[in-house]
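The values are calculated or read from the model by the stated rules, or taken from the named source; none is laboratory data. Please read these numbers as outputs of a predicted model, since none were measured by experiment. Here the Cβ is made from the backbone with ideal geometry for all residues, glycine too, and neighbour counts use every protein chain on show.
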Amino acid sequence: MTRLVQRILRKLELSEDEQGDRWSNEDIRPVPPERQTWGPLQFVQLWFLINMNMTGYQVGSSLLASGLTLPQSIIVILVGNALASTFAVLNSVSGAQSHLGFPIVCRSVWGMWGSFFPILNRILTSIVWYGVQAVIGGNMIYVCLRSIWLDIDERIPNILPAGTGITSAQFVGFALFNFICCILIWFRPGQLRPYFHSASLIVAITLFALLGWAVHSSKGYGSVFNTKSTVSGDELGWTMSAGIMSVIGSIAAGILNQNDFTRFAKRASHVAYTQAISFMLSSSLIAVIGVVITAATQEQYGHGKPLWNAATLFMAIQDQDGARGRAATFFLGLVFIISQININVVGNVLAGGLDVASVFPRYVNLRRGAYVLAALSVLPLPWKQLASGSVFLSVLSAYAVFLGPMVGLLVVHYYIIQKRQFHVSDLYEGSAKSLYWYNGGVNWRTMGAWVLSILPSMPGFVYSVSPGLKGPKAATRLFSLSFVLGFCLSGVLALLFHWVWPVTYPELTVIEAEVVEPSDDLQEKMYEDKKGGQMSVSEA
């Protein structure tokens, strides 16, 4: 049995060109100079690609379902995205200067072994988000099928339990969407760049066309702004605060692993103003479009109830508008299938796949890691997270509880504790020789700061995921500040712990595009060429 396992593991090992040791392989090493090709335009394109999808649309539209009016929802969207873009830019500079990805930067903050904790958290988030995005994409396939066969639910009878949150016909759409994603995952992201960029443009044009139709069908802007809030007083402020955290939570995973993208930057200066503008513009635009469309169509198609889920809106159009509505929704469903493929393939391959590769570098590269995430995405039952607007917002807020402190720790550690310095060779040294070994491979200061910073939000988190439980208002209100509260607390606590129990970092620094030369033995491991010789970082 042992020999069989060993034989299987040998078969699974990466090729000699890709393979590394326990702490390194080709995909998680510093990006070599010839691949540092991303300029301002690429980062603008990145955020429009990531944000122009149905999830961003539904973040905005679900705010109406929480009881806010359209103007209140727009305020929540703008404030939430202003904060989110600030956090994203702050956490992106370290990758642009060092050309290191998120898993490797985590080693400097959490320790060599301790880094697996945030990486595994990020992998779990990728699994959940991949599933949620796939359900939305599958719903769009279902919309397309229903536009052809209005009786699709009779042709594919539902054999799933009533409380599942998805029908058999919808599950067919989910399976087909995953199949398409698995085909595209095989290609390197660079090979798909022309497709992604053209697809993003088509999605943007379609969204504006849908917006114009929705406002026109509501007979002008007046009815759009006539929606009334179902909350008032103190509850209104806290509901808006919770909405802001949901807006941040919708992209919190992307904020956390910013280095996976910015490591390709030509210069560190390229990731600041470009991302701040493009993030704010793209994320706010799609969310505002979602909330306006939902407000404009709730009387005509929702009978006074906001249809925050785009698939539900499209099915209502099919039922009410006959053949013309079915033709229109087929085209809309097709376009938004493309938008979901964009976010799932890019987010899965460049983010989650890299994280899995860093955990099993001898056996897993980006492509294999992406397939692992796709296979595991069914386990959290992602269709249940789209059961209602309130559930959807709670799910988004839940991510903020755990990821906000992680972002805070990365930012404070890089700018203040490490003083924007890395010793690259030590980030690939898995022993006490490494500067980032700390205590047994774990930086307990970081771990302690993270645990203490999530505690205030935990009671509210428990109540939000367990609707049957009722807790004090104070717990719920702290939960509505989760990301920002966790970000600030973790940073303050990390500074306090490193001040009381300091760690000495030598003056070895990564500035702009320069990379510290690894030691000779690590250089041989990391950059050995096919002839058996050594290459310097610049040659790599």
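Worth a mention:
- Filter pass, Ser85 being closer than 30 Å to Gly408 by Cα, buried (at least 21 other Cβ atoms within 10 Å of the Cβ) and modelled with pLDDT under 85: no
- Hey, Ile337 at pLDDT 80 or above and touching a helix residue (DSSP H, G or I) at 6+ places or on another chain (Cβ under 8 Å) or not: yes
Residue-by-condition table, conditions (1) within 13 Å of Gly290 (Cβ to Cβ); (2) in the same structural domain as Thr239 (by TED's automatic domain parsing); (3) touching a helix residue (DSSP H, G or I) at 6+ places or on another chain (Cβ under 6 Å):
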| position | (1), (2), (3) |
| --- | --- |
| Gly56 | yes, yes, yes |
| Leu63 | yes, yes, yes |
| Gly67 | no, yes, no |
| Gly80 | no, yes, yes |
| Leu90 | no, no, yes |
| Ser94 | no, no, yes |
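- Residues of region 149-184 that are part of a helix (DSSP H, G or I) and among the charged types (D, E, K, R): Asp153, Glu154, Arg155.
- Of all residues in region 36-56, those satisfying the criterion of being more than 15 Å from the chain's Cα centre (by Cα) and over 11 Å from Ser278 (Cα atoms) are Gln36, Thr37, Trp38, Gly39.
- Residue in region 502-525 that is under 20 Å from Pro30 (Cα atoms), at pLDDT below 50 and touching a strand residue (DSSP E or B) at 6+ places or on another chain (Cβ under 7 Å) present: yes
- Region 459-471, subset in contact with a helix residue (DSSP H, G or I) (Cβ under 8 Å, 6 or more places away or on another chain) and more than 21 Å from Ser250 (Cβ to Cβ), residue modelled with the highest pLDDT: Pro459
- Tabulated pairs, region 181-203, first not assigned by TED's automatic domain parsing to the domain that holds Leu373, second at pLDDT 80 or above and surrounded by 15 or more Cβ atoms within 10 Å (Cβ to Cβ), C-beta under 9 angstrom, 6+ apart or interchain: none
- Unmet criterion (only one of (1) of a type outside the set (D, E, K, R); (2) buried (at least 24 other Cβ atoms within 10 Å of the Cβ); (3) part of a helix (DSSP H, G or I)) for Phe422: (3)
- Restricting Ala311, Ala242, Ala287 to residues that are buried (at least 24 other Cβ atoms within 10 Å of the Cβ) and farther than 30 Å from Val412 by Cβ narrows the list to Ala311.
- Boolean, Leu386 is touching a Ser or Thr at 6+ places or on another chain (Cβ under 7 Å) and at pLDDT below 70: no
- Residue count for region 158-174 under the criterion of being loosely packed, with under 13 Cβ neighbours inside 10 Å and at pLDDT 90 or above: the result is 0.
- Evaluation of Ser431 against (1) surrounded by 15 or more Cβ atoms within 10 Å (Cβ to Cβ); (2) within 30 Å of Pro30 (Cβ to Cβ); (3) of a type in the set (Ser, Thr, Tyr) (one fails), failing number: (1)
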